[in-house]
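Reading through the structure tokens given below for one structure.
The values are calculated or read from the model by the stated rules, or taken from the named source; none is laboratory data. Just so it is clear, the model here is predicted, and its values are computed rather than measured. We place every Cβ from the backbone using ideal geometry, glycine too, and count neighbours over all the protein chains shown.
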């Protein structure tokens, strides 16, 4: 596969937006089980994620732009839909692909997510082995197959 | 999803619209899809205008055109370019929910960036080798047709 050597100098960075500690832990586990060569930054809700992406506040001054965002929907303060809408309205951020991870199967939620610009909607599986297999597919598509913008890397 | 819904879901075949002006590339992609083992009904249109007519069911032949679950889009095409087509459908409230994956031979960073900024759900470089194409198509199918939920666009 055509992999640009300049693009692979540093590992990809994934921003995980997830308020549940257990779910975040499972995502880390699933990435590790799939030997995914990516760094993971983790924030707890939509508002914190926007602060991260806009480098607002002392903790995010040196925040690196992620290559991919994994987004939970059901979160306090700013939920996933509001966050997705805000990112896709922001000309400086809209080019970052956002994949929704959700426990909701509702067609309404699936449609809204794509309508707002999601680049995938993954139903969180309650089975750990399914979850691991799912992250294998997700990382194969986004980190091995797809070309992502390099942002001066 | 209930079991009944899941059954209906698995019975309905995946539908893909390929927008590609090169007959050779279109044929190779279709062949790779068959060989990679994922099944989708593939419709092929030759440029952005034809794709818009297909999606909007405009014109006599297009009245029964199915709504695709996924669009695979070449960039360099006559008449309406892939990027212009992408911009148009992402501005259309009825069509914008359909994911569009760019499939291009262009390695230009400006093309990659523009595609994502316009709302592409992936940017794939056309490989020169057919075996690579098969493995590419397999990963594409496993992501879009096995892993993710897609909106029902009927």
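Considering each residue of the range A:109-135, count those that are more than 7 Å from chain B (Cβ to nearest Cβ) and assigned to a helix (DSSP H, G or I), and give that number. I'd like the intermediate steps shown before the answer.
So the first thing to find is which residues in the range A:109-135 are more than 7 Å from chain B (Cβ to nearest Cβ), and the list is A:109, A:112-113, A:116, A:118, A:124-133, A:135.
Within this subset, residues satisfying the condition of being assigned to a helix (DSSP H, G or I) are A:109, A:112-113, A:128-133, A:135.
Selection size over the range A:109-135: 10.
Can we say residue A:39 is under 24 Å from residue B:117 (Cβ atoms), surrounded by 20 or more Cβ atoms within 10 Å (Cβ to Cβ) and touching a strand residue (DSSP E or B) at 6+ places or on another chain (Cβ under 6 Å)? Write out each step before concluding.
Numbers: under 24 Å from residue B:117 (Cβ atoms): yes; surrounded by 20 or more Cβ atoms within 10 Å (Cβ to Cβ): no; touching a strand residue (DSSP E or B) at 6+ places or on another chain (Cβ under 6 Å): yes.
So residue A:39 fails the test.
Of all residues in the range A:137-153, exactly one satisfies the criterion of being out of contact with any helix residue (DSSP H, G or I) (no Cβ under 8 Å at 6 or more places or on another chain), modelled with pLDDT of 95 or more and farther than 15 Å from residue B:101 by Cβ, namely A:143.
The residues of the range B:104-117 that are surrounded by fewer than 24 Cβ atoms within 10 Å (Cβ to Cβ), in contact with a strand residue (DSSP E or B) (Cβ under 9 Å, 6 or more places away or on another chain) and more than 8 Å from chain A (Cβ to nearest Cβ), listed by number, are B:104, B:105, B:106, B:111.
With respect to residue B:95, is the statement that it is in a loop (DSSP other than H, G, I, E, B) and more than 9 Å from chain A (Cβ to nearest Cβ) true? So that I can check it myself, show each step before the final result.
On the way: in a loop (DSSP other than H, G, I, E, B): yes; more than 9 Å from chain A (Cβ to nearest Cβ): yes.
Here the answer is yes, as residue B:95 does meet what is asked.
Restricting attention to the range B:2-28 and to residues that are touching a strand residue (DSSP E or B) at 6+ places or on another chain (Cβ under 8 Å) and more than 26 Å from residue B:128 (Cβ to Cβ), the residue that is modelled with the highest pLDDT turns out to be B:15.
Cβ-Cβ under 6 Å, sequence separation 6+ or interchain: first residue in the range B:105-130 and assigned to a strand (DSSP E or B), partner surrounded by fewer than 18 Cβ atoms within 10 Å (Cβ to Cβ). Which pairs? Going by the 6 Å Cβ cut-off, the qualifying pairs are B:125/A:2.
Looking across the range B:131-145 at every residue that is more than 17 Å from residue A:147 (Cβ to Cβ) and in contact (Cβ under 8 Å) with a residue 60 or more places away in the chain, the one that is nearest to the other protein chains (Cβ to nearest Cβ) is identified as B:142.
Starting from residues that are touching a strand residue (DSSP E or B) at 6+ places or on another chain (Cβ under 6 Å) and touching a residue at least 12 places away in the same chain (Cβ under 8 Å), keep the ones in the range A:106-118 and report whichever is surrounded by the fewest Cβ atoms within 10 Å (Cβ to Cβ). Spell out the reasoning first.
Let us first name the residues in the range A:106-118 that are touching a strand residue (DSSP E or B) at 6+ places or on another chain (Cβ under 6 Å), namely A:110, A:113, A:118.
If we keep only those that are touching a residue at least 12 places away in the same chain (Cβ under 8 Å) too, we end up with A:113, A:118.
On the way: A:113: 26, A:118: 28.
Of everything passing the filter in the range A:106-118, A:113 is surrounded by the fewest Cβ atoms within 10 Å (Cβ to Cβ).
Looking only at residues in the range A:136-147 that are touching a strand residue (DSSP E or B) at 6+ places or on another chain (Cβ under 9 Å) and more than 8 Å from chain B (Cβ to nearest Cβ), the one that is surrounded by the fewest Cβ atoms within 10 Å (Cβ to Cβ) is A:143. Considering B:31, B:86, the condition of being over 26 Å from residue A:122 (Cα atoms) and at pLDDT 90 or above is satisfied by B:31 alone. Scanning the range B:57-97 for residues being under 15 Å from the mean Cα position of the chain (by Cα) and loosely packed, with under 13 Cβ neighbours inside 10 Å gives a total of 0. Would you mind stating whether residue A:106 is more than 12 Å from every other protein chain (Cβ to nearest Cβ) and more than 14 Å from the chain's Cα centre (by Cα)? So residue A:106 does not fit the description; no.
Among the residues of the range A:43-59, is there at least one that is under 21 Å from residue A:146 (Cα atoms) and more than 10 Å from chain B (Cβ to nearest Cβ)? Looking through the range A:43-59, none of the residues is under 21 Å from residue A:146 (Cα atoms) and more than 10 Å from chain B (Cβ to nearest Cβ). Of the residues making up the range A:79-103, those that are closer than 18 Å to residue B:96 by Cα, over 12 Å from the mean Cα position of the chain (by Cα) and not in a helix (DSSP H, G or I) number 4.
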